[in-house]
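Structure record follows, encoded as structure tokens.
Laboratory data are not the source of any read-out in this text; all were calculated from the coordinates shown. Note that the structure is predicted; figures quoted are calculated from it, not measured. FYI the Cβ positions are ideal-geometry reconstructions off the backbone, even for glycines, and counts take in every protein chain you see.
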Amino acid sequence: MIEQDRPSGAGGCTAVVGLQWGDEGKGKIVDLLAGEHDAVVRYNGGANAGHTVVVGDEKYALHLVPSGILYPGVLAVVGNGVVVDPEKLLEEIDGLEARGVCTDSLVVSSRAHVVAPYHKLEDEVRERLLSCGGGGDGGGVAIGTTKRGIGPCYADKAQRSSAIRVGDLLRPDVLREKLETACRFKRTRLVDIEVGDDLDPAILTERLAAVGERLRPRVTDTTYLLHELLGEGKRILFEGGNATLLDVDHGTYPFVTSSNCTALGISTGTGVPGRRLDRVVGILKAYSTRVGAGPMPTELDDETGELLRSRGNEYGTTTGRPRRCGWLDLVAARYSVMVNGVTEVALMLFDVLTGFDELKICTAYEVAGADGGAGERTARFLPDAVDLERVAPVYETLAGFGEEITGARQWTDLPTKARGYVEFVEAFLGVPVSIVSVGPGREQTLVG
Ligand code: IMP
């Protein structure tokens, strides 16, 4: 773990991005860094993301609200690249307020797109049609989405004519007109299913306009707001939702989400150019997990995978689904470091690795030959799912450590073998591991 010579100068912008398939513990690190920043900004994804933050005895599961909300005085910004389910957002705001968390500092971009009830229906129907035995023809493979309407909403954003943005919620006439068009389109697709009121423009207008009214004081042009902050030398933290290997362009397509989750998404998702970033913190779980379908080279379908799941409590924050578990894949992580321009890594859930006799780390792939015969070895990640499905992991085996490390508070508290694991990761990735997390609490964090 390399000691960081990091200026805490004003004007610094930081990005926090997941380097795997999500659930790396980004929420904890955003929470940790929020106090050093003036604003925390979400730039992609929506209520599919789930960030867990533990403060004292309190546990918060946030989906749309930036994790910085838990720091008084820090502005929490939902940028234009986010897809906002306005009813879910209000639910989250009300839930936080009920627990005594002030949410006055939360603002939402007027240009963020709205996830409407029919987007969730579409998500559900698409998944059903794609899954074998689910009423579909078995011609495709379901992605295993969170069914939060994310893909259909981003699709409408690209298609334009049936899209609704947060600013439209404040203009009932415009909203009604747009909903008429949207519902007309959706009716041609959502046949043979129970749609209830979800395709009734009058009812939807009333419902969404009411939510818009409640959100009105928070709706603004966040691009100008962020540039004003930058002009004042304020520090901004960008909180990536989902993770690099789920990025629609750079992830394991098509088993990805529908947004740019990498640091590359910050520019389009907020209007702040990438050159403003001083620090890109890559969040890396000490092992691998994945929810939903798609290739995962180091997945363990055995008792070791089961042990990682139970020790790491690997069940989805958003859907509660058990996560697929396996050893750390450094081929994938090195790719993610490259794509994001990561300047330092936070190694998370390290305590989960206590008690294994040996620890394996994937450092290369064996790619099966086209005829299924002997293949060749590569150190490259293969982001296309069809290619990644054909690889087998090549492992290095490191000594395990038996000691509980949840009480460690500094680097030197870690047993030698545990430090060896961190040093191996650092050397392979070529960037410093500046943070090691040994438990969910704020105090269970070793900072270099
Ligand atoms: P969607 O984002 O709901 O469309 O789901 C697409 C894929 O991304 C599915 O495999 C989801 O399980 C996965 N996914 C989306 N968001 C997250 C996240 O925050 N953590 C982990 N997996 C996610």
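A full extension of the chain between ASP387 and GLU303 corresponds to an added length of 27.5 nm, given 0.36 nm per residue minus the alpha carbon distance. Scanning residues 5 or more positions from PHE356 or on other chains, those with amide H under 5 Å from its amide H are PHE401, with H placed 1.01 Å from N in the peptide plane.
Between the listed residues GLY355, SER109, TYR253, the Cα displaced farthest toward the positive end of the dipole of the chain, a dipole computed from Cβ unit charges relative to the Cα centre, is found at SER109.
When the chain is fully extended, how far beyond the present Cα-Cα distance does GLU404 get from ALA368, taking 0.36 nm per residue of separation?
9.0 nm
Taking the fewest neighbouring Cβ atoms within 10 Å as the starting point, the ordered list for TRP411, TRP327, TRP21 is TRP411, TRP327, TRP21. Residues of the stretch 144-170 with an amide N closer than 14 Å to a point placed 7 Å from the Cα of THR268 along the Cα-to-Cβ direction: 154-160.
The alpha carbon convex hull volume per residue for the stretch 280-420 rounds to 134 Å³. Under a cut-off of 17 Å between alpha-carbon atoms, report the lysines in cross-link reach of LYS59, not counting same-chain residues fewer than 8 places apart. Leaving aside lysines fewer than 8 places away in the same chain, those within reach of LYS59 are LYS26, LYS28. An ellipsoid equivalent to the stretch 385-448, defined through the eigenvalues of its Cα gyration tensor, has semi-axes of 27, 14, 13 Å when rounded to whole angstrom and sorted largest first. As a proxy for reagent exposure, LEU19, LEU330, LEU90 were ordered by neighbouring Cβ count within 10 angstrom, fewest first; the result is LEU90, LEU330, LEU19.
One quarter of the convex hull surface, Cα atoms only: what value does that give for the stretch 191-231 in nm²? Provide the component values of the computation, followed by the final result.
On the way: hull surface 18.7 nm².
Its average projected convex-hull area is 4.7 nm².
With the largest listed first and rounded to whole Å, the semi-axes of the equivalent ellipsoid of the chain from the Cα gyration tensor are 36, 28, 19. Residue by residue, the stretch 18-27 carries 3J(HN,Hα) couplings of x, 9, 10, 9, x, 6, 7, x, 4, x Hz when phi is fed to the Karplus relation 6.51 cos²θ - 1.76 cosθ + 1.60 (θ = phi - 60°); x denotes Gly or Pro.
With the cut-off at under 12 Å, measuring from each backbone N in the stretch 104-121 to a point 7 Å along the Cα-to-Cβ line of ASP221 picks out 110-111.
Computed over the stretch 55-145, the percent of Cα pairs more than 15 Å apart is 68. Spin-label pair VAL174-VAL55: with each label point 7 Å from Cα along the Cα-Cβ axis, the two points sit 3.4 nm from one another. The distance linking the stretch 331-353 with the stretch 381-422 is 11 Å (Cα centroid to Cα centroid, whole angstrom). For the peptides 123-129, 403-409, residues were scored by their other Cβ atoms within 10 Å and the scores averaged per peptide; the highest-first order is 123-129, 403-409. Put a dot 7 Å past the Cα of VAL195, heading toward its Cβ, do the same for THR378, and the two dots end up 4.4 nm apart.
Subtracting the Cα-Cα distance from 0.36 nm times the residue separation, let me have the gained length for ALA202 to ALA427 in nm, one decimal.
Values: separation 225, 0.36 × 225 = 81.00 nm, distance 5.95 nm.
Roughly 75.0 nm would be gained on extension.
What is the order of ILE69, ILE203, fewest Cβ neighbours within 10 Å to most?
Details: ILE69 25, ILE203 14.
Arranged by neighbour count, lowest to highest, ILE69, ILE203 become ILE203, ILE69.
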